[in-house]
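The values are calculated or read from the model by the stated rules, or taken from the named source; none is laboratory data. Owing to the predicted nature of the structure, the values given are computational and were not obtained by experimental measurement. A quick note on method: Cβ atoms are made from the backbone with ideal geometry, for glycine too, and the neighbour counts reach across all protein chains shown.
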Amino acid sequence: MTLAIPASSTTRKIILDTDPGSDDAMALMLALNSPELDVRAVTVVPGNVTAKQGLENALRMVSLANRCDIPVAAGAQHPLFQKLITAEFWHGKNGLANIELPPSKCKVDPRYGPDLIIEMVHAAPHEITLVPVGPLTNIALAVERDPSIVPLVKEVILMGGSITGGNSTAAAEANIYNDPEAAQIVFQAGWPLTMVGLDVGDKTLLSSKYLDQIGQTHGPVNDFIYQVAHYLIDLSAQFGFNGTPMYDPLAVGVAIDATLVKAPPMHVEVETRGEFTRGETVANRHGAVERNVLHGDRYMVEGLDKVEPNAKVCTEVDADRFLQLFVSRIRGK
């Protein structure tokens, strides 16, 4: 099964910023196997695994896909202001579902990840879409080092956040929770931003039905992703899920085809101080806040002040259409 690409579509240049990570592996291979996307670089951030392990994983996967032409660069080694939280519990000891890929034929790019992002954005102004599918440390560092990239980035499509409760804590999604200060920088930077969070990821479950379709064809990437997905589906079943949520791949899917989701504009802030809510993405759904004016010993509400949206927040997804797209692309090579 192959899905036709609309004749009007043009190739989108992306930088994938990733913490590989098993669902990151599926996101990377989807990106590399999708003709709508031109992957210009892979930058590695610590998150699901350490920065060192993540870099090794990224190099091995890019090598498996025979794409040593794509620069793979190391970035931050830890979050901006807190200790790193890794998730081998979910992703396996090596982050790749305990699958041992062959040693990489690709070499690491010597440039620092945030600097590589800055360099590529300046080299192709208004053409690069950033697709971060891990904590936002590298993206925040790029903005802090060179704020002039903000108006030159075409779009940011990130996997992270939630407006309906978290998965790391009651309030916070894992990528945002791992570096809330970085996330707040990225959300407030002022560029076009789409948040692909738990609200749609939890509705996009790769079940054994889709796994069986992936298993009908064979090849290095195909077989690797089949094993990764099998691992994740088995793990999810232990917690009562009928499939594994496709968090990171869905962000790549939105970069391929924005019509897969409905994403109304909202103003989003990242909570960095709350005792129970640190890392929460707080969305203003109404576009306004009450204006309180001091009168003597009390405040009085005197109307509403408009709040401008800073993000498109994905709230609905055509899950089956995305999953069919994913399966067809993974089977394609």
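This table checks each residue for (1) in contact with a strand residue (DSSP E or B) (Cβ under 9 Å, 6 or more places away or on another chain); (2) in contact (Cβ under 8 Å) with a residue 12 or more places away in the chain; (3) closer than 24 Å to Val196 by Cα.
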position	(1), (2), (3)
Asn57	yes, yes, yes
Leu64	no, yes, no
Ala87	no, yes, yes
Cys106	yes, yes, no
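Quick one: would you say Pro192 is of a type outside the set (Gly, Ala, Ser) and over 20 Å from the mean Cα position of the chain (by Cα)? Break it down into steps so the answer makes sense when it comes.
Working: of a type outside the set (Gly, Ala, Ser): yes; over 20 Å from the mean Cα position of the chain (by Cα): no.
Taking the combined requirement at face value, the residue does not satisfy it.
Only one of these is within 20 Å of Gly95 (Cβ to Cβ) and of a type in the set (Val, Ile, Thr): Ile256, Ile225. Name it.
Within the list Ile256, Ile225, the selection yields Ile225.
Taking region 231-259 as the search range and keeping residues that are among the polar types (S, T, N, Q) and part of a helix (DSSP H, G or I), which one is surrounded by the most Cβ atoms within 10 Å (Cβ to Cβ)?
Checked region 231-259; the qualifying residue surrounded by the most Cβ atoms within 10 Å (Cβ to Cβ) is Ser236.
Show me the helices (runs of 4 or more DSSP H) found entirely inside region 71-189 where at least 3 residues are in contact with a Lys or Arg (Cβ under 9 Å, 6 or more places away or on another chain).
Counting at least 3 such residues, we get 113-123.
Mind listing whichever residues of region 190-205 are buried (at least 20 other Cβ atoms within 10 Å of the Cβ) and not in a loop (DSSP other than H, G, I, E, B)?
Passing the criteria: Leu193, Thr194, Met195, Val196, Leu198, Asp199, Val200, Gly201.
Name the single residue, out of those in region 57-70 being of a type in the set (Gly, Ala, Ser) and assigned to a helix (DSSP H, G or I), that is surrounded by the fewest Cβ atoms within 10 Å (Cβ to Cβ). Walk me through how you get there before you give the answer.
Restricting attention to region 57-70, the residues satisfying the condition of being of a type in the set (Gly, Ala, Ser) are 58, 63, 65.
Applying the additional criterion that residues be assigned to a helix (DSSP H, G or I) yields 58, 63.
Working: Ala58: 29, Ser63: 19.
Within region 57-70, the match that is surrounded by the fewest Cβ atoms within 10 Å (Cβ to Cβ) is Ser63.
So which of Ala258, Ala288 is over 17 Å from Gly161 (Cα atoms) and touching a Leu at 6+ places or on another chain (Cβ under 6 Å)? First the steps, then the outcome.
On the way: Ala258 fails: touching a Leu at 6+ places or on another chain (Cβ under 6 Å).
Criteria check complete, one pass: Ala288.
Please work out which residue is surrounded by the most Cβ atoms within 10 Å (Cβ to Cβ), limiting yourself to region 80-127 and to residues that are within 17 Å of the chain's Cα centre (by Cα) and within 21 Å of Ile149 (Cβ to Cβ).
Top of the filtered list is Ile117.
Is it the case that Gly54 is in contact with a Pro (Cβ under 9 Å, 6 or more places away or on another chain), modelled with pLDDT of 95 or more, in a loop (DSSP other than H, G, I, E, B) and crowded, with 18+ Cβ neighbours inside 10 Å? Don't jump to the end; show me each part of the working.
Working: in contact with a Pro (Cβ under 9 Å, 6 or more places away or on another chain): yes; modelled with pLDDT of 95 or more: yes; in a loop (DSSP other than H, G, I, E, B): no; crowded, with 18+ Cβ neighbours inside 10 Å: yes.
So Gly54 does not fit the description; no.
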